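Here's the structure we're looking at; comments come further down.
The values are calculated or read from the model by the stated rules, or taken from the named source; none is laboratory data. It should be emphasised that the depicted structure is a prediction, and the values quoted were computed from it without experimental measurement. Virtual Cβ from ideal backbone geometry, glycine too; neighbours counted across all protein chains shown. With ligands, DNA and RNA removed, areas are computed over all heavy atoms of the protein, side chains included. Shrake-Rupley method; radii C 1.70, N 1.55, O 1.52, S 1.80 Å.
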Amino acid sequence: GLSIVKKYVDMLGGSIRVTSKLGKGTTFELRMPYEEGRGGQTAESPEVESFDFSNLHVLLVEDNVLNQEIATMLLQSQGATLDIANNGQEAVDTFLNTPEGTYQLILMDIRMPILNGYGATERIRHSHHQDAQRIPIIAMTADAYDEDVQKCLKCGMNSHISKPINPDRLYR
């Protein structure tokens with residue numbers, strides 16, 4: 001999780017420092033640029049376009065709590081509502097037990113315990129749920145090589161977003 005935090009901090013023009021002493025504890029120091037009167041945005045920080053996702057209900061399938069929190073914060077800041085599944089099997093069970101039209105999007109991690117994202121996607125696509133064929137399923141994973149993207153598409157996903165998540169790419 002720290003490598004993801006570091007990439008976000010770097011992306012926002014900040015810095016993070018870690019000091020640790022065995023048996024004593026660990027200190028994390030985060031420094032972020034802030035310019036008064038500009039809502040926290042500085043010339044170095046990226047401006048992210050605002051989107052209205054108030055009608056978007058997302059099933060977020062992610063086993064890592066930090067990644068859940070980041071995706072939740074990013075999507076809720078634009079008005080989306082989310083349900084979280086902690087693994088692929090939980091995602092399949094959740095999706096299959098909801099009425100048609102409950103979700104407009106599934107964000108699917110790949111590497112998860114119990115059932116990975118590929119298997120979960122295939123089970124959803126092969127189910128008899130009314131939305132099984134039409135719901136967009138987007139991979140959200142650190143597996144970002146061309147062959148990884150192709151494997152996502154081949155198993156039935158519609159698109160691929162690599163981690164760490166770029167907010168503008170996620171929103172679009």
Integer Hz, Karplus 6.51/-1.76/1.60 couplings in order for the range 6-12, x for Gly and Pro | 4, 5, 5, 4, 4, 4, 8
Dipole of the chain, Cα-centred, from +1 at each Lys and Arg C-beta and -1 at each Asp and Glu C-beta, to the nearest 20 debye?
-> 480 debye
Ordering 70-78, 119-127, 4-12 by per-residue average of other C-beta atoms within 10 angstrom, highest first, gives 119-127, 70-78, 4-12
So who's got an amide H within less than 5 Å of the one on residue 53, skipping anything under 5 residues away but keeping other chains? H placed 1.01 Å off N, in plane.
-> 79, 80
DSSP-loop chymotrypsin sites (Phe, Trp or Tyr not before Pro) across the range 88-159, with at most 12 other Cβ within 10 angstrom | 145
Which residues' amide hydrogens lie under 5 Å from the amide hydrogen of residue 161, considering only partners 5 or more residues apart or on another chain, with H built in the peptide plane?
-> 139, 140, 141
In sequence order, calculated HN-Hα J values of the range 80-90 (Karplus, 6.51, -1.76, 1.60; Hz; x Gly/Pro) | 6, 10, 10, 10, 10, 10, 8, 6, x, 5, 4
Could you check the simple spin-label distance between residue 64 and residue 146, using points 7 Å along Cα→Cβ, in nm with one decimal?
-> 2.5 nm
Hey, can you grab everything whose amide H is under 5 Å from the amide H of residue 105? Only 5+ residues off in sequence or another chain; H modelled, so Pro and N-termini drop out.
-> 57, 59
Lys and Arg at +1, Asp and Glu at -1: add these up for the other residues within a Cβ distance under 13 Å of residue 28 and post the number.
-> +2
At a probe radius of 1.4 Å, what is the per-residue accessible area of residue 51, in Å² to the nearest 10?
-> 50 Å²
Relative packing of 55-63, 14-22, which averages over residues the other C-beta atoms within 10 Å, highest first = 55-63, 14-22
Determine ³J(HN,Hα), in whole Hz, for all residues of the range 160-168 in sequence, where each value follows from phi through the Karplus function 6.51 cos²θ - 1.76 cosθ + 1.60 and θ = phi - 60°; x replaces Gly and Pro.
-> 8, 10, 8, 8, x, 5, 8, x, 4
